[in-house]
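Take a look at the structure below.
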Amino acid sequence: MRGGGAIASSFEAACTTLIDWGINISQKRIERLAYKFGQIGINLRQSKIESIKNNNLKPGNTFQGQRVVIAVDGESSQRCRLPSR
């Protein structure tokens, strides 16, 4: 098993992978969990943005001594082909 990061590129692939690992979970439940955790992240981000706007974000070493992972989902990114010169 790899540490961190996305292992499956779709809910169907995630379901297959988890079943292979002996975790019996439906694709629908995986979707619900993914969207729920996504919403929690969005809410947390919005809360931090509001704190910054209101000058209420306290400085500190929140991540000191911790490993921080930032992931970007490129699923919705668009590609644009430009004509060659």
Among the residues of region 42-66, how many are closer than 30 Å to Ser9 by Cβ and at pLDDT 85 or above? 9
Restricting to region 1-24, name every residue that is assigned to a loop (DSSP other than H, G, I, E, B) and modelled with pLDDT of 90 or more. Trp21, Gly22, Ile23, Asn24
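The values are calculated or read from the model by the stated rules, or taken from the named source; none is laboratory data. Note that the structure is predicted; figures quoted are calculated from it, not measured. Positions of Cβ are backbone-derived with ideal geometry, glycine not excepted, and every protein chain shown enters the neighbour counts.
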